[in-house]
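Right, one structure below, let's go through it.
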Amino acid sequence: MSDFHRVRRLPPYVFEEVNKLKAKARAGGADIVDLGMGNPDLPAPKHVIEKLVETVGKPRTDRYSASKGIAGLRRAQAGYYARRFGVKLDPETQVVATLGSKEGFANMAQAITAPGDVVLVPNPSYPIHAFGFLMAGGSIRSVPSAPTAEFFTALERAIVHSIPKPIAVVVCYPSNPTAMVASLDFYKDLVIFARKHEIFVLSDVAYAEVYFDGEPPPSILQAPGAFDVAVEFSSMSKTFSMAGWRIGFAVGNERLLAALARVKSYLDYGAYTPIQVAAAAALNGPEDCIREMRATYKRRRDVMIESFAAAGWPIDKPSASMFAWTPVPERFRHLGSLEFSKLLIEKADVAVAPGIGFGEHGDDFVRLALVENEQRIRQAARGVRRFFETADATLHNVVKLKQPA
């Protein structure tokens with residue numbers, strides 16, 4: 001396999017090492033609390049499942065669907081953007097349904113990237129943001145993940161020093177993995193920058209509805225002029241706990257979306273029609289389920305912050321997303337995030353996502369997902385506390401730990 005060009009461009013999948021160790025521990029009888037993968041454990045809304053069941057088996061629903069999404073689903077997404085962000089979308093030209101935001105992002109990269117094109121990607125960031133372009137033959141230049149002045153300083157430097165000039169910049173807020181949130185003023189400045197330098201902006205807002213404190217996260221399309229340069233990707237996975245259904249969207253700039261739709265027309269026929277009908281019912285239906293989802297993750301977040309602090313591992317409180325992004329404890333940091341994550345499985349019966357999997361600038365961190373209930377989160381904290389209290393005795397012949405000053 002190493003002889004295949006596109007496969008050669010991909011590094012080893014870091015998370016697979018953790019997954020193998022987790023599976024081995026479970027096979028040996030260990031009760032692993034899995035805070036690693038951001039895989040929602042909440043059920044999809046009842047009315048959405050009922051619409052799916054109602055639609056399955058109806059005439060024509062077993063036939064090929066539409067690769068850009070059925071008209072009703074695209075209208076539903078446009079309606080959602082109007083209600084949530086005050087943004088008007090033409091469902092015919094400014095909305096494309098995707099097989100989850102990940103597929104949409106990867107195929108957008110295929111659509112717009114020529115060999116050697118440079119794309120600016122936050123580091124750390126969700127892997128597809130970088131590897132989608134690498135698989136398409138592009139090159140990646142890293143910029144900071146935080147939506148601060150340093151982000152724009154890095155963009156300016158990249159415009160001046162990258163050859164060829166970058167074609168696009170990727171942003172993701174609320175961020176996976178860091179949970180940072182951007183303001184509308186940040187997006188306004190980014191749109192001004194992108195228009196000035198004639199580059200595209202690809203925005204990922206998969207976690208826009210998973211927020212706990214303060215104002216709801218904005219959309220880049222709320223910024224004046226954004227439709228000239230930006231496409232935004234969203235997903236049903238987190239908002240409606242429909243991760244396995246594989247429904248997402250790309251909205252915004254018509255030229256970019258036309259390119260995405262054309263590529264998709266050669267690759268797929270869209271999601272199963274009853275799933276698309278049910279997804280439209282989710283977007284058009286009551287929002288009680290969204291508020292309940294948000295409240296559940298907030299409770300879990302609060303329990304995680306309280307119980308992990310008591311275990312000796314203080315975690316910064318995320319204001320959004322379903323993740324906590326936290327430094328590896330000081331005495332383990334020299335091991336790196338992957339080795340520390342392995343130790344957590346072996347010694348604490350807890351799985352987390354090593355920060356190195358999101359980019360080299362994430363190696364001092366791990367990501368903890370709020371995908372277990374409060375009782376299990378407290379169980380994870382007890383396992384961490386037990387590991388920390390016994391680490392000096394149990395690891396002295398395995399790894400050298402940094403002693404407190």
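The values are calculated or read from the model by the stated rules, or taken from the named source; none is laboratory data. Since the structure is predicted, the reported quantities are computational estimates derived from the model, not experimental observations. Here the Cβ is made from the backbone with ideal geometry for all residues, glycine too, and neighbour counts use every protein chain on show. For accessibility, only protein heavy atoms count, side chains too; no ligands or nucleic acids. Shrake-Rupley method; radii C 1.70, N 1.55, O 1.52, S 1.80 Å.
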Residue among Ala130, Ala136, Ala149 that alone is touching a helix residue (DSSP H, G or I) at 6+ places or on another chain (Cβ under 6 Å) and of a type in the set (Gly, Ala, Ser): Ala136
Single residue of the range 340-369 satisfying the filter (at pLDDT 95 or above and among the acidic types (Asp, Glu)) that is nearest to Pro122 (Cα to Cα): Asp363
Those residues of the range 133-153 which are open to solvent by 10 Å² or more (accessible area, probe 1.4 Å) and in a helix (DSSP H, G or I), in sequence order: Leu134, Met135, Ala149, Glu150, Phe152, Thr153
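Quick grid of which residues meet (1) hydrophobic (A, V, I, L, M, F, W, C); (2) at pLDDT 95 or above; (3) more than 25 Å from Ser125 (Cα to Cα):
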site: Ser203; (1), (2), (3): no, yes, no
site: Ser234; (1), (2), (3): no, yes, no
site: Thr239; (1), (2), (3): no, yes, no
site: Leu256; (1), (2), (3): yes, yes, no
site: Ile275; (1), (2), (3): yes, yes, yes
site: Gly285; (1), (2), (3): no, yes, yes
